[in-house]
Amino acid sequence: MVTIRSEREEWHLLKHLNESNIQEKVWLGMRSSRVFGFWFWMNDDPVTYQNWVNDSSGAIQDNLDCATLDLNQTKWVRKDCAEEAPFVCYTDN
């Protein structure tokens with residue numbers, strides 16, 4: 001799944017999603033460690049950029065261990081990993 005390492009990468013992703021007529025929250029390849037309380041990209045990229053709604057990355061919240069991109073707010077939102085949502089994959093070019 002997609003990782004976002006900068007505002008520029010996020011802009012390109014938003015542009016792609018807009019062109020694809022996707023208008024709902026999409027999964028990002030990011031999870032929260034319930035044990036250690038930090039976020040990590042599932043492909044092991046370092047988390048160098050974050051864009052949370054109301055800094056919602058903070059305290060552990062029950063079952064909200066995954067990150068989505070809310071296209072209406074263009075911000076990241078915590079979501080229960082068991083919920084369904086579209087996701088975006090990328091290729092390294």
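The values are calculated or read from the model by the stated rules, or taken from the named source; none is laboratory data. It should be emphasised that the depicted structure is a prediction, and the values quoted were computed from it without experimental measurement. Don't worry about glycine lacking a Cβ; one is built from the backbone with ideal geometry, like all the others, and counts go over all protein chains shown. Only protein heavy atoms, including side chains, enter the accessible area calculation; ligands, DNA and RNA are left aside. Shrake-Rupley method; radii C 1.70, N 1.55, O 1.52, S 1.80 Å.
Structure values in brief
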{"item": "Segment SER20-ASN54, length gained on full extension (0.36 nm per residue, minus Cα span)", "result": "9.5 nm"}
{"item": "Angle between the chain longest axis and helix 7-19 axis [Cα atoms, degrees, rounded to 10]", "result": "60 degrees"}
{"item": "Computed magnitude of the charge dipole of the chain (debye, nearest 20; Cβ of K, R +1, Cβ of D, E -1)", "result": "140 debye"}
{"item": "Free-standing Cys residues across the chain, given no other cysteine C-beta under 4.7 angstrom", "result": "CYS89"}
{"item": "Ranked packing of 29-41, 63-75, most packed first, by mean Cβ within 10 Å", "result": "63-75, 29-41"}
{"item": "Carbon/sulfur fraction of accessible area - region 1-53, other protein chains in place, 1.4 Å, %", "result": "48 percent"}
{"item": "Per-peptide average of other Cβ atoms within 10 Å, ordering 42-52, 10-20 highest first", "result": "10-20, 42-52"}
{"item": "Spatial extent of region 1-53: Rg and Dmax, with the Cα atoms as the point set, Å", "result": "12.1, 38"}
{"item": "Dipole of the chain, positive direction: furthest Cα of GLN73, MET42, CYS89, with charges on the beta-carbon", "result": "GLN73"}
